[in-house]
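Report on the following structure.
The numbers here are math on the coordinates, done by the rules we state, and not lab data. From a predicted model like this one, the values you see are computed outputs, not experimental measurements. Cβ atoms come from the backbone with ideal geometry, glycine included; neighbour counts cover every protein chain shown.
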Amino acid sequence: MKKITIVGSGLSATIAKIKFKNLKPNIISCSDSSFLKKKYLRRKSIESNKLFSKKSLSYGNLKYRLKNIKLHDRLILGGSTGVWGGMVNTATLPNYFLKILKDNNIFFKKLDFYKTGYKSNNQDIKQMCDEKGNIFNSGKFFADCENNFLHSFSVDKDIIKLKIISEKNNNFEFQNTDKLILAISLPQLLDLLIRSGFINENVSISLEDMITD
């Protein structure tokens, strides 16, 4: 059986975990990133938090001086689902995918200003929630994973070698995996690719949305 490793614990990581759950994927994600402060820079400019939610910090290698653009980075279980409103345009989701989510206790409820505090003139926009009707937070899917962080990775033939730092020993350890799924924020992705030697700091990068059938 091939070993699959998922990095992250946000919405994308949740979908990946559901898809590959029969293969029991290994999870690399931070629940508390404070143990990284001695090895990486803290980037307050891209931290994103809201009142009454658990505070998350951003640690990495790159400093950001942003103009006319906003980036955010949340090194915490659940990623951005800890601060989002759960709004999704369900018209873009196929029925088979909605069923997969429902089978894993992820639901969509209609917006009602008096019940949810939200309203939209688009009936297809609904709020993703759990079985109790609370706004979906993917951190619940990763509550049992260890608090660790992927420093870098390399590819040797068919094996992907991972260099990981964990809160337990605050030092690097090494693991191998057959497949690696990077479900992380853009700032974390850039940091990881630079540390792994796949890109350098002078590279030019562009982003665009892709819609597939």
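What you get for the chain, charging only the Cβ of Lys and Arg (+1) and of Asp and Glu (-1), is a dipole of about 540 debye around the Cα centre. In the chain, helical runs assigned H by DSSP with n ≥ 4 each contribute -39500 (n - 2.57); averaged across all residues and rounded to the nearest 500, the mean residue ellipticity at 222 nm is -4000 deg cm²/dmol. The chymotrypsin sites (Phe, Trp or Tyr not before Pro) of the range 63-166 that meet both conditions, a loop assignment by DSSP and at most 13 other Cβ atoms within 10 Å of the site Cβ, are F113, Y114. Using every pair of distinct Cα positions in the range 85-134, the Kirkwood expression returns a hydrodynamic radius of 11.2 angstrom.
Annotation for the range 34-139: trypsin sites (Lys or Arg not before Pro) lying in DSSP loop with at most 12 further Cβ atoms inside 10 Å of their Cβ are K37, K38, K50, K55, K63, R65, K67, K70, K115, K119, K132.
Diffusion of the chain by Stokes-Einstein, at 25 °C in a medium of 0.890 mPa s and with Rh set to the Kirkwood radius over alpha-carbon pairs, works out to 131 µm²/s. The length gained by stretching the chain between R195 and T92 to full extension, at 0.36 nm per residue less their Cα-Cα distance, is 33.5 nm.
Maximal additional length on extending the I100-K37 stretch stands at 18.8 nm, based on 0.36 nm per residue less the C-alpha distance. Using the Cβ atoms and a cut-off under 12 Å, what net charge is assigned to the surroundings of K55, where Lys and Arg are +1 and Asp and Glu are -1? Net charge around K55: +2.
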